[in-house]
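Down below is the structure, laid out as structure tokens.
The values are calculated or read from the model by the stated rules, or taken from the named source; none is laboratory data. Quantities reported herein were computed from a predicted structural model and do not represent experimental measurements. Because the Cβ atoms are built from the backbone with ideal geometry, glycine has one as well, and the counts that use them run over all protein chains shown. Side chains are part of the model used for accessible areas, which takes the heavy atoms of the whole protein and leaves out ligands, DNA and RNA. Shrake-Rupley method; radii C 1.70, N 1.55, O 1.52, S 1.80 Å.
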Amino acid sequence: MNFSPWTIVTDLGVMSILFLIGVILRAKVKVVQELFLPAGLIAGILGLIFGPNGLELLPFSSLIGTYPSILIAFVFASLPFSSEKVPFRSVTRRVGKMWGYSQALMLMQWGGGMLFGLLILNLFWGDLHTGFGLMLASGFAGGHGTAAAIGQAFDGLGWDEAASLAMTSATVGIVSAIVGGLILIKWGTRNGHTGFITDFSQLPKELKTGLVPEENRQSVGEGTVSSISIDPLAFHVTLVGLTAAAGYYLSTLGSQWFPQLSIPAFCCAFLAALLCMKIMEWTKSDRYVDKKMVNRISGSATDILVAFGVASIKLPIVVKYAAPLALLFIFGLLYCFFFFKVLGPRYFKEYWFERCIFSWGWATGTTAMSIALLRIVDPDLKSKTLDDFALAYIPMAPVEIAVVTLSPLLIINGQHWLFTSITILVGIALLVVTNMNRFHRQTGRLGTEKNF
């Protein structure tokens, strides 16, 4: 097809219609409300059914599969501008257990998926790509954004099927986060495990419909610059867009200088944004960056990414790998359930259900889904789970970016066992070390009882 700037506008226009349909369905249809399906996911599913990979009724262009790889650069470019600066000592003192649990959950999902693929799936499907097991965490713990990043990285390394597989994993993951989370919440309320609600019907209406009444609305950001000079939103979009574009050019230059090493644009965009933020801190201009505004830009890019990512899934590839994918997803859900039901109650001393239901949503879907599940069982956020996770994610973010960036390179270069071993062993070590205080308290109490 002939490309023009209006091609992008047309694609966005068609997807905007699907978004509005998703918003209306969420606001009016009870089944959709009970499933907590976000409008972006609904739009993506409709795009998949009626778009070029389905019934071919919508006038999407052939470019919709490239949009997620562009949007993920914007998402990663937003991170340094929206991250809070908190001393590492404060993180370890206050939220060490939340950090250890979440970091281990994430790392061991990457390594566990790889191990399951290498040891189990390869017994029955010997022609699977070595990185097939990586599709679990790239979609579950990673979400659609990481799925786009992993798909882009593997595509540059010669495995073009990875994008559709990762997006499928992310879609299954977000549905599992919602459906599985609601089942677990209903079980928890019946058995008295929840600390703040005793009845599922206590859920606020706006969480079901997605529409916030006037009295509960909050500001999405502050104007840090005068609109006479530049609109505040345009200023923040400029910062994110500049660093995203810089990431693309850095990635292109890196590929030219080192053809054997394909550096994803999203990784370079993060580095460019990190450098830009450091310069702004040195020049004392970082006070003009509003973190809420940047978060809204990142959230908007993520919503659009989800919609186009799901709509661009190539169904023949999914059908081709349906059986091993299904087994991989079953393993992933059992893994997350093990952390929720077995490790969680033994690991957390207070509010274990609230912390674990949040982790379930994060480990299978997205942070937005985990917050939605948390607000069901903790409407006023009194458990401090969200605050603790926000602090814990500060040291987790570099690890996650390193895993997303390096895993495709290690796997393509035959270092899959090294990657698998490191992620699993480090995850186990984190669980042991961050739970040592509880072990010492228990042994000390036993010693005191014996002396008595």
Please compute the modelled spin-label separation between D160 and A323, points set 7 Å along Cα→Cβ, answer in nm with one decimal. 2.6
Placing each pseudo-label 7 Å from Cα in the direction of the beta carbon, V342 and V9 end up separated by a distance in nanometres of 5.7
With each run of n ≥ 4 DSSP H residues scored as -39500 (n - 2.57), what mean residue ellipticity at 222 nm is computed for the chain after dividing by its residue count and rounding to the nearest 500 deg cm²/dmol? -23500 deg cm²/dmol
Charge context of I150, other residues only, Cβ under 14 angstrom, K/R +1, D/E -1: -4
Just the number please: accessible area per residue for region 325-398, 1.4 Å probe, all protein chains included, in Å². 39
Charge context of F339, other residues only, Cβ under 13 angstrom, K/R +1, D/E -1: +3
Pairwise label distance in nanometres, N413 with F124, each label 7 Å out on the Cα-Cβ vector: 3.4
Set of lysines near K292 by C-alpha distance (under 30 Å), chain-local residues within fewer than 8 positions excluded: K28, K85, K97, K205, K208, K278, K284, K382, K384
How do the peptides 127-138, 293-304 rank, highest first, by the average count of neighbouring beta carbon atoms within 10 Å per residue? 127-138, 293-304
Among 400-407, 279-286, 98-105, what's the highest-first ranking by average C-beta atoms within 10 angstrom per residue? 98-105, 400-407, 279-286
Which of these values of mean projected area of the Cα convex hull in nm² was calculated from the structure shown: (1) 28.6; (2) 21.4; (3) 25.7? (3)
Sorted on mean Cβ neighbours within 10 Å (highest first), peptides 217-223, 12-18 come out as 12-18, 217-223
Treat every Asp and Glu Cβ in the chain as -1 and every Lys and Arg Cβ as +1, leave all other atoms uncharged, and give the resulting dipole magnitude about the Cα centre to the nearest 20 debye. 1480
Under 13 Å, Cβ to Cβ, from K30 - net charge with Lys/Arg +1 and Asp/Glu -1: +3
Karplus-derived HN-Hα couplings along region 298-315 (A = 6.51, B = -1.76, C = 1.60, θ = phi - 60°), whole Hz, x at Gly and Pro: 5, x, 5, 4, 5, 4, 5, 4, 4, 4, 6, x, 5, 5, 8, 4, 8, 4
